[in-house]
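Undergrad: Input: one structure, supplied below.
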Amino acid sequence: MRSFVFSAGIPTTAALAGALVVLGATAASADPGAQQQRIAQDAISGVVGSKAGPEAGVWVIAESLDLPTRMMKVVVTDDQGRFLLPQLPAAQYKVWARGYGLADVPAVMSAPGKQVDLTATPAASPAAAAQTYPANYWYSVLKPPSEADFPGTGAKGNKIGPAQVTQADFLQNIKEGCLICHQLGTVGTRTMPHAFDNLPTSHAKWDRRVQSGQYGSWMSRNMSGLGRSYALDMFASWTDRIAAGELPAEAPPRPAGLERNAVLTSWDWGDDKTVMHDSVASDERHPTVNANGRVWGLNEYHDYLTWIDPNTSTTGAIPYPTRDKPNPEEWFGKAGRNPLQPSAYWGNERIFFSPANPVGSEMDSKGRVWATSTIRLGESPSWCSDGSIPSSKFFPLKITGATGFPQLSYYDPKTNKFSFVETCISPDHFRFMEDQDDTMVSTVLATSGANRLLWWFNTGEFDRTHDERKAIGWCPLVMDTNGDGKVGKWTNPDEPFDPTLDRRYDGSQYHLSIDNAHRTVWLNYFGSKPGALVRVQLGSMKPDSCLTEVYQIPDPHVFGPRGPDVDPASGIVWVPFTGSGHLGRFDPSKCPEVRGKELLNFQRCKAGWTIYKLPGPNFKGVQNGGSTEWPYLAKVDVHNIMGLGTNTVILPGTMSDSVLIFLPDTEKFLVLRMPFPNGFYSRILNWRIDDPAAGWKGRGLWTNTGNMTLWHEETGKGTLGTTVKFQLRPNPLAD
């Protein structure tokens, strides 16, 4: 491969002009000397250097306010400090740089077709350098109780809550109970708001903080479950030590290797109170659906379907309707959630009001955007339990006393209309099967109590008949513990086991993946002691055909599984363990086939598990476990969107401002970081191919800021939500 050698110091822009090239659309064109050399007219190029020489692995950010909404392009410098910001719309850009160990490089105004050299200086101190570290590094300064401190014995004992039987329980709750809404470790959480300056101690300030705003009841309840006095002291010690100058024990590394090939493009959307839980760009099965179209986001707590057109940088929002007219005093959701204490940012203002509360977006093969949303008040209809459809005859469902619960809805961009679907129960995360009818399969919300099951909806049948009853079905999760090979009469989990009967499983599931080749659904058992994967054979997809098996993780230090995904080529299931900070690989081919009572041995396949530590540090003093990372789900890159292979596993780096990519062949992680503003919190991943012939430029991985507290980010109150497109080019200078 041809290399570029500079005689000394930082290469000049004139020398750089001879080095930058236009590369082909595929990785085969990765040699910078293989193509005609020129500067692209829609790119900004240059070098970042300091007195020490070229600065490698530094982010260069081009930020424009000239477009209809703010757009940023982010790239990384190569080993000679060179950068190229590609595919920039015509506009003026503020170009600046950020790198670990450096002070932020002052911005220079520029435009496409120009070259910019940036001069970096070292950070003034280690403390100044650490201000740009991701939240998970700062959260690692927290010191939880040791394993020897458990079990919790309550206020009259060791002050740890009695429900915290092991350290795993405690760690699960300080992650799941908090990080489900926002990062911890951001500047907005590792420091105290001035609104609490009048309180005498940090303990008192934390007690006040966790009661603040419309989610104060949630935070306060979680703190009490941990053991209120102990937990408040723990968090007070964390912020006190940081205020006194304690820094994370390790610094994050600069991007290296393939990480330097990343190209990130972000657009602002929504407002400074936006909670964009999900976004969707295409049908994950057929990623050319909606090519070059709008990207859609569900503004969960404000009832908007938000959109961005990446071609024009225009954005907008469509009010998300309900079938019944909402009554603020009755409607289920966030309407009646008043602050226990005023927010340090919003006072007593109720910033969340969402009768529809849309989440869980997916796009079908027709380009329609589906979501779970509350469409009405009241109990489930009679046909859910009266036996008038096969599923209600086999396993009746009746929700009583509820004022409302999520059902199903979709928006059709072609007609600009919303449609509603009665579901009998609360579907949660759902995915589409690879069949001609776009059959949807879903987990069920825990609010459904003991009626945990697998639920499906045949969208093709609904399109033909417009009758939910003909399209809906569900099945209980039944293990074949009598060994006759079919679902028969069963005992419930709270009943004595009978070896002549089957056994119903009632673990709480959250997310799922579909192995279409084997008509199998994989669910995650959402718990800490221990977590598990649940395999459901769909069979004929009738209410009596769902044979269920459970595979627990055998290591007590690996816990808290979230959204799994299956590699269709190998059948291997990948699952992030957010509680402990691991990625799990489960190979069901290593599991012996069993029947009958042996199905109740949930740890019968230890050989099927391989566990990997997620990137980043762990909590201070925690001897076993992974990291403070918390990825919401896993996705196998079956369409090779990132150009690294169809078995690549992608996770949102929810605590590290990043997307994480695991390469199974080398068992290594790549960290593609969104460096500004600190606090980028992604939940959902979706991909799209806009042009199959354009290589890396024609495809991208889409995600968005999904936290509930944008004001905790580095830029403070006034920060808007963003949607971000991640791409990986052949080398750091490809345009």
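The values are calculated or read from the model by the stated rules, or taken from the named source; none is laboratory data. The model shown is predicted, which means the values in this text are computed figures rather than measured ones. Neighbour counts run over all protein chains shown; Cβ positions are idealised from the backbone, glycine included. Each accessible area value is taken on the protein alone, full model and side chains, heavy atoms only, with ligands, DNA and RNA left out. Shrake-Rupley method; radii C 1.70, N 1.55, O 1.52, S 1.80 Å.
Undergrad: Please list, in order along the stretch 182-193, the HN-Hα scalar couplings obtained from phi with the Karplus expression 6.51 cos²θ - 1.76 cosθ + 1.60 (θ = phi - 60°), rounded to whole Hz, x for Gly and Pro.
TA: Ordered by residue, 3J(HN,Hα) equals 6, 6, 10, x, 5, 4, x, 10, 8, 10, 9, x Hz.
Undergrad: In percent, what relative contact order does the stretch 153-284 have, based on Cα pairs under 8 Å that are 6 or more apart in sequence?
TA: So the answer I get is 28 percent.
Undergrad: Which length gain, in nm to one decimal place, applies between SER388 and GLN92 when the Cα-Cα distance is subtracted from 0.36 nm times their residue separation?
TA: So the extension gain works out to 100.2 nm.
Undergrad: Name the shape class, rounded, prolate or oblate, that the alpha-carbon gyration tensor gives for the stretch 244-363, where a ≥ b ≥ c are the square roots of its eigenvalues, rounded holds for a/c under 1.5, and otherwise prolate holds if a/b is larger than b/c and oblate otherwise. Present the calculation step by step, with values, prior to reporting the outcome.
TA: Values: a/c = 2.52, a/b = 1.18, b/c = 2.13.
Oblate, because a/c is 1.5 or more while a/b does not exceed b/c.
Undergrad: Quick one: compute the contact order of the chain, relative version, from alpha carbon pairs under 8 angstrom and 6+ residues apart, as a percent. Write down the numbers at each step before the final one.
TA: Values: 1949 pairs, mean separation 102.0, N = 735.
Dividing the mean separation by the residue count of the chain yields 14 percent.
Undergrad: Would you list CYS475, CYS178 from the most to the least accessible area, probe 1.4 Å?
TA: CYS178, CYS475
Undergrad: Further question on the same structure: Explain nothing, just the number: relative contact order of the stretch 266-330, from Cα pairs under 8 Å at least 6 residues apart, as a whole percent.
TA: 27
Undergrad: For the stretch 210-255 and the stretch 696-716, compute the distance between their C-alpha centroids and round to whole Å.
TA: Result: 23 Å between the Cα centres.
Undergrad: Please identify the longest segment of the chain free of exposed trypsin sites (Lys or Arg not before Pro), where exposed means a DSSP state other than H, G, I, E or B and no more than 11 other Cβ atoms within 10 Å.
TA: Numbers: sites that count: ARG2, LYS51, LYS156, LYS414, LYS489.
By the stated rule (loop sites, at most 11 other Cβ atoms within 10 Å), 157-413.
Undergrad: Rounded, prolate or oblate: which fits the stretch 611-735 when a ≥ b ≥ c are the square roots of the eigenvalues of the alpha-carbon gyration tensor, with rounded for a/c under 1.5 and prolate only if a/b beats b/c?
TA: Working: a/c = 2.12, a/b = 1.20, b/c = 1.77.
Verdict is oblate for the stretch 611-735.
Undergrad: Round to a whole angstrom and tell me the spacing of the C-alpha centers of the stretch 492-525 and the stretch 333-382.
TA: 29
Undergrad: For PHE602, what accessible area in Å² do you get when you roll a 1.4 Å probe over the heavy atoms of the protein chains, rounding to the nearest 10?
TA: That residue has around 40 Å² of solvent-accessible surface.
Undergrad: Related question: List the residues of the stretch 657-695 whose backbone N lies under 16 Å from a point placed 7 Å from the Cα of ASN516 along the Cα-to-Cβ direction.
TA: Residues passing the 16 Å test: 687-689.
Undergrad: A further question on this structure: Identify all aspartates and glutamates with a Cα-Cα distance to LYS606 below 15 Å; exclude those on the same chain that are fewer than 8 residues away in sequence.
TA: Cα-Cα hits under 15 Å: GLU549, ASP555, ASP587, GLU593, GLU598.
Undergrad: Taking only protein heavy atoms into account and a 1.4 Å probe, give the accessible area per residue of the stretch 87-208 in Å².
TA: 41
Undergrad: Could you list, by residue number, the cysteines of the chain that have no other cysteine's beta carbon within less than 4.7 Å of their beta carbon?
TA: Cysteines lacking a close Cβ partner in the chain: CYS178, CYS181.
Undergrad: Using amide H atoms built 1.01 Å from N in the peptide plane, name the residues 5+ places from GLY706, or on other chains, whose amide H lies under 5 Å from its own.
TA: TYR681, SER682, ARG683
Undergrad: So if R0 is 41 Å, what FRET efficiency would ASN158 and GLU349 give, r being the distance between their Cβ atoms, rounded to the nearest 0.05?
TA: 0.55
Undergrad: If amide H atoms are built 1.01 Å from N in the plane of the peptide, which residues on other chains or at least 5 residues away come under 5 Å of the amide H of GLY721?
TA: TRP269, ASP271, THR274
Undergrad: If you take every DSSP beta bridge fully contained in the chain, what fraction is antiparallel? Give it as a percent rounded to 5.
TA: 95
Undergrad: Holding the Cα-Cα limit at 29 Å, pick out from LYS51/LYS73; LYS156/LYS717; LYS620/LYS668 the pairs that are longer than that.
TA: LYS156/LYS717
Undergrad: May I pose another question? When the Cα centres of the stretch 93-160 and the stretch 661-682 are compared, how far apart do they sit, in Å?
TA: 15
Undergrad: Compute the Cα gyration tensor for the stretch 500-657, then decide on rounded, prolate or oblate, letting a ≥ b ≥ c be the square roots of its eigenvalues: rounded whenever a/c is under 1.5, prolate when a/b is larger than b/c in the other cases, and oblate in all that remain.
TA: Here the stretch 500-657 falls in the oblate category.
Undergrad: Any chance you could run the full-extension gain for ALA195 through ASP435? It's 0.36 nm times the residue separation minus the Cα-Cα distance, nm to one decimal. Walk me through the numbers on the way to the answer.
TA: Numbers: separation 240, 0.36 × 240 = 86.40 nm, distance 5.56 nm.
Stretched fully, the ALA195-ASP435 segment lengthens by 80.8 nm.
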